[in-house]
Amino acid sequence: MIPLMSLGWQLRSQLPRAGQMGVKRRERAVHPEGHLGAQLRFALIRRLGDQMADAITTSAWFGYTSWFDFCISVLNYPCDLQVWKAIRSIVRYCGFIFPFETACLIIDRPTSFSLDELERFHADSKPAVTYADGFSLYFYHGIGLPEEYGQLPTQEWRAQWLFQEHDPQVRRALLHGIGYEKISKDLQVIEIDAFNEYSLLKLENTNDVPVPLPILLLKYINSDTEKIQIIEAPLHSRTVHEAIIWVNKNWFVET
């Protein structure tokens, strides 16, 4: 049996039956962009690809080990202390585990990281997450970025990159970082449909470099602040209404 599960059964078997029946899982508040562990995992998947397929994220063990610690440290329940110390050390110091047939690769947690006001990984023109060996990751408000984008200040991002980027999450970061003003200046913007403060737009490249497909945007103007928000809409959108329905189902839009 897996040591984590074995230790859990040891401790649970000592709880009075009434206590076992009363143990309930607390609902966790999850940010729409995902917690930091998920952001880190998605960024590593983009960077490492198939190598992350079998990786184990130790942040998933936090709830279990907190309960273990209460039973052992407060209730003084007996258990295999050697196993408990090993599990506690892994959760405290290890971020990911890569299991292989004859070996196990354990990765330390980052040595430094930076967050935005919503506690998402974020840094402008520098790594948002750094490891002891120099390995680093770039983020834009919780979205992992390729190094060629992340190492540049957002004001140097180019609107033409939108057509060459295939990852929809990264393209979303580019849209937000570049902003509508620069996009409308550097690219050809064609209005397809409009309703009240919303517009459905099509982007086309202004130079001679061909692009595989155009990009559709849903544009929203806040009537109080005049702030413009843009988010990518699916290519099958023909009206503002269709685009709004799809965006509401698939994206969390910041206000």
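When you count the other C-beta atoms within 10 angstrom of each residue and take the mean per peptide, 99-111, 172-184, 228-240 line up highest first as 172-184, 228-240, 99-111.
Converting phi to 3J(HN,Hα) with the Karplus coefficients 6.51, -1.76 and 1.60 and the offset θ = phi - 60°, segment 128-143 yields 8, 9, 10, 9, 4, 8, x, 4, 9, 10, 9, 9, 10, 6, x, 9 Hz in sequence order, with x at every glycine or proline.
Taking amide hydrogens as placed 1.01 Å from N in the peptide plane, the amide H of Ala233 sits under 5 Å from those of Leu216, Leu217, Leu218, each at least 5 positions away in sequence or on another chain. Within segment 157-250, the percentage of alpha carbon pairs spaced more than 22 angstrom apart rounds to 22%. Summing Lys and Arg as +1 and Asp and Glu as -1 over all other residues whose Cβ lies under 14 Å from the Cβ of Asp69 gives a net charge of +3. Here the 3J(HN,Hα) profile of segment 155-166, calculated from phi with Karplus coefficients 6.51, -1.76 and 1.60 at θ = phi - 60°, is 5, 9, 5, 9, 4, 5, 4, 4, 7, 9, 8, 9 Hz, Gly and Pro shown as x.
Annotation: the residues Leu81, Leu7, sorted from fewest to most other C-beta atoms within 10 Å of their own C-beta, follow the order Leu81, Leu7. Amide H contacts of Tyr138 (H built 1.01 Å from N, in plane; Pro and chain starts excluded): Ala128, Leu145 sit under 5 Å, all sequence-distant by 5 or more or on other chains.
Compute the whole-percent fraction of alpha carbon pairs in the chain spaced more than 34 Å apart. Counting every Cα pair in the chain, those more than 34 Å apart make up 36 percent. The phi torsions of segment 100-117, fed into the Karplus equation with coefficients 6.51, -1.76 and 1.60 and a -60° offset, translate into couplings of 10, 5, 10, 8, 9, 9, 10, 9, 5, 6, x, 7, 7, 7, 10, 10, 8, 5 Hz, rounded to whole numbers, with Gly and Pro shown as x.
In this Cβ point-charge picture (+1 for Lys and Arg, -1 for Asp and Glu), segment 36-183 has a dipole of about 160 debye about its Cα centre. A viscosity of 1.567 mPa s and a temperature of 4 °C, combined with the Kirkwood radius over C-alpha pairs in the Stokes-Einstein formula, give segment 97-169 a diffusion coefficient of 93 µm²/s. Charge dipole of the chain (Cα centre as origin; +1 on each Lys and Arg Cβ, -1 on each Asp and Glu Cβ, all else neutral): 1260 debye, rounded to the nearest 20.
Segment 64-134 gives an Rg/Rh value of 1.12, both radii derived from C-alpha positions and Rh following Kirkwood.
Residue separation of Arg88 and Arg158 scaled by 0.36 nm, minus their Cα-Cα distance, works out to 20.6 nm of gained length. Computed over the alpha-carbon pairs of segment 34-152, the distance histogram in 5 Å steps reads 2, 10, 18, 20, 17, 13, 9, 6, 3, 1, 0 percent, short to long. Residues whose amide H lies under 5 Å from that of Gly179, counting only those 5 or more places away or on a different chain, are absent; hydrogens are built 1.01 Å from N in the peptide plane. When the charge dipole of the chain is built from unit charges on Cβ atoms (+1 for Lys and Arg, -1 for Asp and Glu) and taken about the Cα centre, the candidate among Ile190, Asn205, Leu44 whose Cα reaches farthest toward its positive end is Leu44.
Charge dipole of segment 110-153 (Cα centre as origin; +1 on each Lys and Arg Cβ, -1 on each Asp and Glu Cβ, all else neutral): 40 debye, rounded to the nearest 20. Please compute the net charge surrounding Trp161, taking Lys and Arg as +1 and Asp and Glu as -1 over other residues with Cβ under 12 Å from its Cβ. Combined, the nearby Lys, Arg, Asp and Glu give -2.
Computed from the coordinates by the stated procedures, all read-outs in this text should not be read as laboratory data. In this text the structure is predicted, and so the values were computed from the model without any measurement. In this analysis, Cβ positions are derived from the backbone assuming ideal geometry, glycine residues included, and neighbour counts consider all displayed protein chains.
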